[in-house]
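Chemist: Below is one structure. I have some questions about it.
A short reminder: the numbers here are calculations on the coordinates, not readings from a lab. Keep in mind it's a predicted model, so treat the numbers as computed, not measured. Cβ placement follows ideal geometry from the backbone for every residue including glycine, while neighbour counts extend to all protein chains displayed.
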Amino acid sequence: MDSNYIEISEKRKKEHIENFLKGKSRNSNLFGDVVLDNNSFPELDFSEIVTDITFLGKKIDYPVMINAATGGFDGALEINRGLAELAGRFNIPMAVGSQSLGLKSGNHKSYKVVREVLKDKVVLANLSAHANLDDVSRAIDMVKADGVQLHLNAPQEMCMEEGDRHFRGVLDNIEYVSRRIEVPVIVKEVGFGMSKTSVKRLVDMGIEYVDIGGKGGTNFIEIEDLRNKTIDYSDLYDWGIPTAACLLQCRELKGDIKIIASGGMESASDIVKSLSLNSELAAVCGVVLRRYLERGYKAAEKLMEEIFHKMKVMMMLLGCRSIEDLRNLDPMIKGELKEWMRD
Ligand code: FNR
């Protein structure tokens with residue numbers, strides 16, 4: 001049974017990458033409705049602008065991380081090596097893809113390569129929020145992780161023919177696991193967004209970090225739909241809460257929980273706007289993965305260099321010397337995003 005599970009999971013991981021590249025659906029993250037004022041008197045020199053922050057006890061050079069993508073099958077080794085080299089080049093954190101396949105198969109190479117490349121920089125483990133304590137501990141140990149992401153992906157599982165259908169007890173499991181492991185837990189969505197109500201349930205159990213993983217980028221309903229032979233789920237391609245709407249809803253939880261902004265984060269503007277809505281840092285996945293797979297390491301490096309340069313340009317235009325200054329901005333909210341400002 002296990003060898004069958006491994007075969008199906010390896011095939012699925014490959015198809016996720018293929019279908020991610022094929023995907024055509026576009027939803028808005030709604031950052032277009034976040035408006036920041038030009039500051040005519042920045043009173044700064046460009047060289048004064050600093051972008052480093054501390055994350056999980058380590059200094060990182062930009063408030064951005066590379067989010068979980070893959071691992072466990074042959075092709076994942078080179079993908080993760082490339083992504084880790086990018087993370088290392090800019091001294092930013094990286095999360096490995098779900099380690100459940102690796103735990104089952106014993107093939108750990110494509111996950112461990114991330115720690116090998118990143119040495120003492122920030123690496124995150126990743127498993128389903130359903131995973132038991134023993135598996136979470138083993139996943140952390142596999143990559144000597146600084147923290148662990150526990151992902152929530154009910155919409156993806158429900159549109160997957162062989163997907164999970166059991167969603168009871170996840171909150172209790174997160175609480176049980178998080179109280180017993182030694183590294184911080186980041187509970188994350190995978191592109192469908194987390195509402196303030198959902199985030200509050202995590203605040204109440206003392207979770208320190210949440211990655212709201214909103215709508216507006218990679219679409220796992222479409223990725224699974226392209227694999228699914230029995231039901232057409234294309235009418236659900238717009239399912240989810242846009243990334244900017246999640247952040248806006250969670251703004252009043254400031255101080256209670258640290259929010260990671262992800263889901264369609266593709267530009268310096270998206271990142272700066274997410275910080276102005278009080279995120280701790282932003283996480284990018286699809287934009288970097290696509291550039292790396294389609295055009296190679298150098299092109300992905302250039303993309304990130306330009307994003308980070310433009311972030312600093314925007315900080316200048318806003319008169320913000322540090323990332324903390326960005327968090328103290330008061331952006332104007334307009335259009336559709338304004339409709340999401342509700343209890
Ligand atoms: C993902 N993502 C993901 N997330 C997770 O927690 N565990 C995983 O194993 C994976 N696997 C995975 C594979 C592929 C091919 C992609 C593109 C993405 C989800 C990812 O971390 C992120 O939450 C979403 O992709 C939304 O961010 P972007 O892509 O819109 O920036």
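Chemist: So in segment 120-134, with the set limited to residues that are more than 16 Å from the chain's Cα centre (by Cα) and within 16 Å of the ligand (Cβ to nearest atom), which one is surrounded by the most Cβ atoms within 10 Å (Cβ to Cβ)?
Modeler: Result: Ala131.
Chemist: For segment 71-96, give me each residue that is among the β-branched types (Val, Ile, Thr) and buried (at least 24 other Cβ atoms within 10 Å of the Cβ).
Modeler: Residues satisfying the conditions are Ile92, Val96.
Chemist: Name the single residue, out of those in segment 199-230 being part of a loop (DSSP other than H, G, I, E, B) and away from the ligand (no atom under 14 Å from the Cβ), that is nearest to Asp146 (Cα to Cα).
Modeler: Restricting to residues being part of a loop (DSSP other than H, G, I, E, B) and away from the ligand (no atom under 14 Å from the Cβ), the top hit is Glu208.
Chemist: Among the residues that make up segment 154-166, is at least one of them more than 30 Å from Asn19 (Cβ to Cβ) and buried (at least 18 other Cβ atoms within 10 Å of the Cβ)?
Modeler: no
Chemist: Which condition number in (1) out of contact with any helix residue (DSSP H, G or I) (no Cβ under 7 Å at 6 or more places or on another chain); (2) buried (at least 18 other Cβ atoms within 10 Å of the Cβ) is the one that Ile223 fails?
Modeler: The one condition Ile223 does not meet is (1).
Chemist: Just a yes or no: is a residue in segment 239-248 away from the ligand (no atom under 15 Å from the Cβ) and farther than 19 Å from Gly206 by Cα?
Modeler: yes
Chemist: Condition first: away from the ligand (no atom under 13 Å from the Cβ) and assigned to a loop (DSSP other than H, G, I, E, B). Now tell me which residues in segment 182-198 satisfy that.
Modeler: Glu182, Val183, Pro184, Ser195
Chemist: Okay, moving on. Out of segment 70-91, which residues are assigned to a loop (DSSP other than H, G, I, E, B) and away from the ligand (no atom under 14 Å from the Cβ)?
Modeler: Asp74, Asn91
Chemist: Looking at Arg327, is it out of contact with any strand residue (DSSP E or B) (no Cβ under 7 Å at 6 or more places or on another chain) and farther than 30 Å from Glu208 by Cβ?
Modeler: Criteria not met by Arg327.
Chemist: Step by step: first the residues of segment 1-41, then only those that are in a loop (DSSP other than H, G, I, E, B) and within 16 Å of the ligand (Cβ to nearest atom), then the one that is farthest from Leu103 (Cα to Cα). Which residue is that?
Modeler: Leu30
Chemist: Look through Ser137, Ser100 and report the one residue that is more than 24 Å from Lys215 (Cβ to Cβ), among the small types (Gly, Ala, Ser), away from the ligand (no atom under 16 Å from the Cβ) and crowded, with 18+ Cβ neighbours inside 10 Å.
Modeler: Checking each option against the conditions leaves just Ser137.
Chemist: Can Asp172 be described as out of contact with any Phe, Trp or Tyr (no Cβ under 7 Å at 6 or more places or on another chain), over 21 Å from Thr218 (Cα atoms), among the charged types (D, E, K, R) and within 16 Å of the ligand (Cβ to nearest atom)?
Modeler: no
Chemist: How many residues are out of contact with any strand residue (DSSP E or B) (no Cβ under 9 Å at 6 or more places or on another chain) and either of a type in the set (Asp, Glu) or surrounded by fewer than 24 Cβ atoms within 10 Å (Cβ to Cβ) (or both) when one looks only at segment 187-218?
Modeler: Number of matching residues: 8.
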